[in-house]
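J.: Please read through the structure below; I'll follow up with questions.
The values are calculated or read from the model by the stated rules, or taken from the named source; none is laboratory data. Given the structure is predicted, the values throughout are model-derived calculations rather than measurements. Here the Cβ is made from the backbone with ideal geometry for all residues, glycine too, and neighbour counts use every protein chain on show.
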Amino acid sequence: MLSFGTKKWAELKRFCLKIWFGLGILGFCHCSVVLNYQLARVKKVYDGDTILLTNGERVRYLYIDTPEIHHPRKPPEPYGYLAWHKNRELLKSGAVILGYDLSRRDRYGRLLARVYSGNKYLNAELVKMGYAKVMIIPPNQSDKDYLLFLQSQAQAHCRGIWSDKSWKSLNRF
């Protein structure tokens, strides 16, 4: 579905090094966390917070939750397709950098990761635009304060899911 040429891979590797050095120099993460990054290619975007890699791994975005569109017993939630569409748009290059926290897998066996594409931290972008809410599950909580700040800004400016008062009161968000 998503393709990526050799020249773009070289650019992505340079970007990855910038992130690695930038996070280390600025002190945003402990050194052990900074070293937990890998390059990958996206095969499919399942929804707003889950992707499939070309190596067959399913990746669940760390720290966030988006409205569901593939629940076996429930209809798609409001804003679910918008979150899915925005995630696809942000992943148009097909290449990602995955960053890990303390726990790498969830109870369903999916990889848990920060997802970077282009110059964007997608987990944060989805929160900032109001397509996702913050969901912190210990021990993974390195970005908690930053994402909660972005969520408060999205709420204050009534972006995405936060623009619909009935959605906030009737749903899990």
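J.: Which numbered condition in (1) under 17 Å from Y46 (Cβ atoms); (2) outside any helix (DSSP H, G or I); (3) in contact with a strand residue (DSSP E or B) (Cβ under 6 Å, 6 or more places away or on another chain) is the only one that I97 fails?
T.: With respect to (1) under 17 Å from Y46 (Cβ atoms); (2) outside any helix (DSSP H, G or I); (3) in contact with a strand residue (DSSP E or B) (Cβ under 6 Å, 6 or more places away or on another chain), I97 is out only on (1).
J.: Also: Filter the range 69-124 down to the residues that are closer than 24 Å to P139 by Cα and of a type in the set (V, I, T) and list them by number.
T.: Once the filter is applied, which keeps residues that are closer than 24 Å to P139 by Cα and of a type in the set (V, I, T), the range 69-124 yields V96, I97, V115.
J.: Would you call G109 touching a Gly at 6+ places or on another chain (Cβ under 9 Å) and either part of a loop (DSSP other than H, G, I, E, B) or under 20 Å from N55 (Cβ atoms) (or both)?
T.: The answer is no for G109.
J.: Are any of the residues in the range 97-112 among the hydroxyl-bearing types (S, T, Y), touching a Phe, Trp or Tyr at 6+ places or on another chain (Cβ under 8 Å) and closer than 21 Å to Y37 by Cβ?
T.: Checking the range 97-112: at least one residue is among the hydroxyl-bearing types (S, T, Y), touching a Phe, Trp or Tyr at 6+ places or on another chain (Cβ under 8 Å) and closer than 21 Å to Y37 by Cβ.
J.: Just the residues that are over 16 Å from the mean Cα position of the chain (by Cα) and over 18 Å from L126 (Cα atoms), please, taken from the range 54-75.
T.: Within the range 54-75, T54, N55, G56, H70, H71, P72, R73, K74, P75 qualify.
J.: Then there's this: Given the conditions (1) in a loop (DSSP other than H, G, I, E, B); (2) loosely packed, with under 14 Cβ neighbours inside 10 Å; (3) at pLDDT 95 or above, which single one is not true for G130?
T.: Here G130 meets the rest and fails (2).
J.: Restricting attention to the range 42-82, report how many residues are touching a residue at least 24 places away in the same chain (Cβ under 8 Å) and either acidic (D, E) or under 20 Å from A154 (Cβ atoms) (or both).
T.: 16
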